[in-house]
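Notes to accompany the following structure.
A short reminder: the numbers here are calculations on the coordinates, not readings from a lab. Just so it is clear, the model here is predicted, and its values are computed rather than measured. Every residue, glycine among them, receives a Cβ derived from its backbone with ideal geometry; neighbour counts consider all protein chains shown.
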Amino acid sequence: MFRYAYKRLADWKNAKPHTPLLLDGARQTGKTWLLKEFGKNEYENTAYVNFDSDPLPEEVFTGFNIPRIIRAVSSITGQSILPSKTLIVFDEVQENPLALTSLKYFAESELEYDICASGSLLGIGLHKGTGFPVGKVEELSLYPMSFNEFVRAKGGEAKFDFLESSNWDEISTLHSDFSSLLQEYCFTGGMPEVVKTYIGGQDLYKTRQIQKSILLGYEKDFSKHIPSSSLLPKVNLVWSSLPSQLAKENKKFTFSSIKKGSRLKEFEEAINWLEEACLVYKVDRCSKVGYPLKFYEEPNIFKLFPSDLGLLGCMANIDPASIFVKGTFFAESNGAFAEQLIAQTLIANGFAPSYHAKSNSQLELDFVIQYKDSVIPIEVKSGNNTKAKSLKTVLDENPNLTALRFSQMGFKRQDRLTNVPLFMADAWLRSLQKTGLKWPEPCAQVNKAQTCL
């Protein structure tokens, strides 16, 4: 199964010298598979340790003696460990914080061992008295599979390569084909096991059952890892409220809809816990569409999205018929699913989106992102009506800005506004990040012969 993160791992391996790599992400995003596949393809052998199911004793890491740790890892895995030839994998490393701290000493060792550590609850699993190896590891986050990755898995390399070509006008000629694939992606989401199950037989029932089992696993994690009996019900309340929060017209997270009279202070720790577990994305409001965005963020006012579109559909108990038959999926729930798609696509492509709204005003922009030394206002339209009064107002007030609109309409440039089809969002944003060209030309539109790297 193709994952963009594989290339990031290859770049890390080829950069000499390199520090240990720490792979973070929510459970079930494919971290274990990715590291094992990388070790199998790129090294002579892999020494894999799972600290959840087959842990090394904490005494092994006392004093952080690297030769002693290597001997213990070699013994428990049955693998000879050689610098540059063996990939050492510490999986679920949050279960042994001393093992996490040991990465600092691997980084400082004269012997250049290639070591990757991964975990799903790294920020939560750290115990008092242990330290995160700040500045001593390269960090990489693994998100659910993107739409482009889904296209590669379901539609094949030819469709994937075409989508990656950045020839936007040509890609638009296959609008119907890619929109059909997007429908399927909206049902499955990007959890690899879910995608694999769906592609294996397109059995909607089995696919939905895998999604439910993942959600059940998350809830078990709540009980297992939340240290406070008073915090657990709050995490459950925040988590279960996500579908109804996003179904509102303005999508702003409101505490009174969870519990009458409640405020941020009561649920702040619960939201932070879900963020650290990589289960939610918090999108803060910004008071002004200005550069730099950080100056105008209002972190106490925000939208909260789950990590995966398919899981949101499962949480909301969306009938597959509304996706595959009725064709009303994006328009339902005030466009919640279209916004969810764009939110997770922005974040997976390295952007840190905000949204813009003014108090006592109907003006609201779904997202605002910072790109180089400018900001880009974004509207997301779930239906065929692409009129955007708020976006027009912001552009009129800021003549130096150009904007994006993601919708179900075809690709089109209109003066300072570019309309990008929803199915093209992942390809467009990846191209924007990779090329370094001045917005709004994210790839080879000026020179058709130029290739997008």
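Between beta-carbons, use under 10 Å as the cut-off and find the net charge around Leu121, counting Lys and Arg +1, Asp and Glu -1.
Every neighbour counted, the sum reads -3.
How do Trp273, Trp33, Trp12 line up, fewest other C-beta atoms within 10 Å first?
Taking fewest neighbouring Cβ atoms as first place, the list is Trp33, Trp12, Trp273.
Applying a 10 Å radius around every beta-carbon, put 94-104, 255-265 in order of their mean neighbour count, most first.
In decreasing order of mean packing, 94-104, 255-265 become 94-104, 255-265.
For the residue pair Glu108 and Ile66, what label-to-label distance in nm results when each label sits 7 Å from Cα along the Cα-to-beta-carbon direction?
1.1
Helix 231-247 against the longest principal axis of the chain: what's the angle in degrees, Cα atoms only, rounded to the nearest 10?
Tilt relative to the chain: about 30 degrees.
Counting Lys +1, Arg +1, Asp -1, Glu -1, what net charge surrounds Leu246 among other residues with beta carbon under 9 Å of its beta carbon?
Once positives and negatives cancel, what remains is +2.
I'd like the distance separating the alpha-carbon centroids of segment 1-60 and segment 193-211, in whole Å.
Between the Cα centre of segment 1-60 and that of segment 193-211, the gap is 26 Å.
Please work out the Cα center distance from segment 247-263 to segment 336-352, rounded to the nearest Å.
What the calculation gives is 21 Å, centre to centre.
Near Lys206, which lysines are there with a Cα under 25 Å away, not counting those fewer than 8 places off in the same chain?
Excluding near neighbours in sequence, the set is Lys31, Lys154, Lys196, Lys220, Lys326.
Go through 221-229, 408-416, 242-250 and give me the packing order, highest mean Cβ count within 10 Å leading.
Per-residue mean Cβ counts within 10 Å order the peptides as 242-250, 408-416, 221-229.
In nm, give the distance between the simple-model label positions of Ser74 and Lys16, each being 7 Å from the Cα along the Cα-to-Cβ direction.
If labels sit at Ser74 and Lys16, their model points lie 2.1 nm apart.
Which percent of the Cα-Cα distances in segment 23-140 go past 26 Å?
In whole percent, the share of Cα-Cα pairs in segment 23-140 beyond 26 Å is 10.
To check my understanding: the extent here is largest minus smallest coordinate of the Cα atoms along each principal axis. What are those three numbers for the chain, in Å, largest first?
65, 60, 47
Helix-only mean residue ellipticity at 222 nm, the chain, DSSP H runs n ≥ 4 weighted -39,500 (n - 2.57), per residue, nearest 500. What is it?
Estimated from H runs of four or more residues: -13000 deg cm²/dmol.
On a 0 to 90 degree scale, rounded to 10, what angle separates helix 5-14 from the longest Cα axis of the chain?
The angle comes out near 50 degrees.
For labels at Val325 and Asn50 in the simple 7 Å Cα→Cβ model, what's the distance in nm?
It is 3.9 nm.
Which lysines have a Cα lying under 19 Å from the Cα of Lys412, excluding residues fewer than 8 positions away in the same chain?
Reachable lysines: Lys381, Lys387, Lys389, Lys392, Lys438, Lys448.
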